[in-house]
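J.: Dropping the structure in here first, questions after.
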Amino acid sequence: MRTPVAFFVYRRPDLTERVFEEITKAQPPQLFVVADGPSCPEDEAACRQVRSLVSRASWPCQLLVNFADKNLGCRLRVSSGLDWVFERVERAIILEDDCLPDPSFFRFCEELLDRYGDDNRVMHIGGCNFQDGKLLGKHSYYFSRYCHVWGWATWRRAWRAYDVAMSKWHGLRSTDWLSARLGDPGVVDYWRKVFDCTVQGAVDTWDYQWVFACWQNGGVAATPNANLVANLGLNEGGTHFDPAAGARPAMRLDSLSFPLRHPPAVLRDNRADRHTEAFHYGIRFSKGYKASMMRLVSRAIGRLLE
């Protein structure tokens, strides 16, 4: 393996150890460890334990650490940590302490980092697949507008577009920018609300800003045709755990076979994105949009039968 790994940790030694075991097996040449500080005195012991655990790399590598003295929160700790990483390297594979990768995840990311390194259309390589086991064509991956961050990779040239404050949203909000990109009014309304909440600081997160940056620059995400990362943190120990929703089981961890079967062109798969919108984000499409799509499908079938 030739690619650096950036590992984001906090206060969960049990999950951190499981993910760190997989990183150890992959043996990256450089390991960047970014840790947030404790948010209360009760967290101090767990934070110390986590930092001790990840500071003992058992393979020959360059270990670089960035440990916060105080709690920065998800928004600032991850964004500042990635700034720190990409000041030092051109590309990286990124994992958080609750994102358990399949071994094929590392090779998948590395091969696509090589393949699309100079292609500005591709800004993100994801490890997660939210198609519920449905294969999309015969290729190893497809292209999506959605940048899932439960295990992912990118380049410095893409991260340069990131702005944690989303300062350009104010100017775009009143235009048809979202409509032109997303089409369906229900999807547009969903993401307008998400971006509004993000800019207003109503949610302590960094990843919606990354989605915005990719969309603003016309970028797409390469998404594996199998789920290569299981999120283990959707429980009471997670920062964004929702007690009303309860704990959710991790998605099944799958593998990819090699050599990879590459799509012939960098074209977004609209079917996959609609499935993600409906079943991952829970977006309700507008009735008018669904009816118009059905008419288009019917016409297409009719032409095939002529």
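The values are calculated or read from the model by the stated rules, or taken from the named source; none is laboratory data. None of these values were measured; they are calculated from a predicted model. We place every Cβ from the backbone using ideal geometry, glycine too, and count neighbours over all the protein chains shown.
J.: Would you pick out the residues in the stretch 189-208 that are at pLDDT 95 or above and among the β-branched types (Val, Ile, Thr)?
T.: VAL194, THR198, VAL199, THR205
J.: Hey, another quick one. Is it true that ALA161 is in a helix (DSSP H, G or I), in the same structural domain as ALA278 (by TED's automatic domain parsing) and under 30 Å from LEU31 (Cα atoms)?
T.: Details: in a helix (DSSP H, G or I): no; in the same structural domain as ALA278 (by TED's automatic domain parsing): yes; under 30 Å from LEU31 (Cα atoms): yes.
Taking the combined requirement at face value, the residue does not satisfy it.
J.: Can I ask one more? So PRO60 fits all but one of (1) surrounded by 16 or more Cβ atoms within 10 Å (Cβ to Cβ); (2) in a loop (DSSP other than H, G, I, E, B); what number is the exception?
T.: Tallying (1) surrounded by 16 or more Cβ atoms within 10 Å (Cβ to Cβ); (2) in a loop (DSSP other than H, G, I, E, B), PRO60 fails exactly one: (1).
J.: Turning to a different aspect of this structure: Return only the number of the condition from (1) among the small types (Gly, Ala, Ser); (2) within 28 Å of GLY117 (Cβ to Cβ); (3) touching a helix residue (DSSP H, G or I) at 6+ places or on another chain (Cβ under 9 Å) that SER58 does not satisfy.
T.: Only one criterion in (1) among the small types (Gly, Ala, Ser); (2) within 28 Å of GLY117 (Cβ to Cβ); (3) touching a helix residue (DSSP H, G or I) at 6+ places or on another chain (Cβ under 9 Å) is unmet by SER58, namely (2).
J.: With the requirement that a residue be touching a residue at least 12 places away in the same chain (Cβ under 8 Å) and either touching a Pro at 6+ places or on another chain (Cβ under 8 Å) or among the hydrophobic types (A, V, I, L, M, F, W, C) (or both), what does the stretch 183-199 give you?
T.: VAL187, TRP191, VAL194, PHE195, VAL199
J.: Related question: Would you call HIS148 under 22 Å from VAL194 (Cα atoms), in contact with a Phe, Trp or Tyr (Cβ under 9 Å, 6 or more places away or on another chain), outside any loop (DSSP other than H, G, I, E, B) and modelled with pLDDT of 95 or more? Steps first, please.
T.: Working: under 22 Å from VAL194 (Cα atoms): yes; in contact with a Phe, Trp or Tyr (Cβ under 9 Å, 6 or more places away or on another chain): yes; outside any loop (DSSP other than H, G, I, E, B): no; modelled with pLDDT of 95 or more: yes.
So HIS148 does not fit the description; no.
J.: Ok, one more. Consider ARG121 carefully, then state whether it is closer than 22 Å to GLN209 by Cβ, within 19 Å of the chain's Cα centre (by Cα) and surrounded by fewer than 14 Cβ atoms within 10 Å (Cβ to Cβ).
T.: Details: closer than 22 Å to GLN209 by Cβ: yes; within 19 Å of the chain's Cα centre (by Cα): yes; surrounded by fewer than 14 Cβ atoms within 10 Å (Cβ to Cβ): yes.
Yes.
J.: Please identify the pairs in which a residue from the stretch 1-23 that is part of a strand (DSSP E or B) has its Cβ atom under 6 Å from the Cβ atom of a residue that is of a type in the set (Phe, Trp, Tyr), counting only partners at least 6 apart or on another chain.
T.: Pairs found: ALA6/PHE32.
J.: From (1) in contact with a Cys (Cβ under 9 Å, 6 or more places away or on another chain); (2) over 17 Å from GLY127 (Cα atoms); (3) at pLDDT below 95, pick out the condition that doesn't hold for GLY186.
T.: So GLY186 meets the others, but not (1).
J.: Follow-up question, since we're still on this one. Are there any pairs with C-beta distances below 8 angstrom linking a residue in the stretch 46-62 that is over 16 Å from PHE8 (Cα atoms) to a residue that is among the hydroxyl-bearing types (Ser, Thr, Tyr), with the two at least 6 apart or on different chains, and if so which?
T.: SER58/THR24; TRP59/THR24
J.: Out of the residues in the stretch 166-181 that are in contact (Cβ under 8 Å) with a residue 40 or more places away in the chain and part of a loop (DSSP other than H, G, I, E, B), which is surrounded by the fewest Cβ atoms within 10 Å (Cβ to Cβ)?
T.: The initial filter retains those residues of the stretch 166-181 that are in contact (Cβ under 8 Å) with a residue 40 or more places away in the chain, namely 166, 168-169, 172.
Now narrow it down to the ones that are part of a loop (DSSP other than H, G, I, E, B): 166, 168.
Details: MET166: 19, LYS168: 13.
Selected residue: LYS168.
J.: While we're here: Within the stretch 130-145, which residues are under 22 Å from MET1 (Cβ atoms) and part of a loop (DSSP other than H, G, I, E, B)?
T.: Looking only at the stretch 130-145, we keep the residues that are under 22 Å from MET1 (Cβ atoms), and these are 140-141.
SER140 - this is the single residue of the stretch 130-145 that is under 22 Å from MET1 (Cβ atoms) and part of a loop (DSSP other than H, G, I, E, B).
J.: Could you tell me which of the residues THR24, THR16, THR3 is of a type in the set (Val, Ile, Thr), at pLDDT 95 or above and surrounded by fewer than 18 Cβ atoms within 10 Å (Cβ to Cβ)? Even if it seems obvious, please write down each step before you answer.
T.: Numbers: THR16 fails: surrounded by fewer than 18 Cβ atoms within 10 Å (Cβ to Cβ); THR3 fails: surrounded by fewer than 18 Cβ atoms within 10 Å (Cβ to Cβ).
Being of a type in the set (Val, Ile, Thr), at pLDDT 95 or above and surrounded by fewer than 18 Cβ atoms within 10 Å (Cβ to Cβ) holds for just one of THR24, THR16, THR3, which is THR24.
J.: Any residue in the stretch 218-231 that's in contact (Cβ under 8 Å) with a residue 40 or more places away in the chain: show its pairings with residues that are in a strand (DSSP E or B) and among the small types (Gly, Ala, Ser) at Cβ separation under 6 Å, as long as the two are six or more apart or on different chains.
T.: ALA221/GLY126; ALA221/SER144; THR223/GLY126; THR223/SER144
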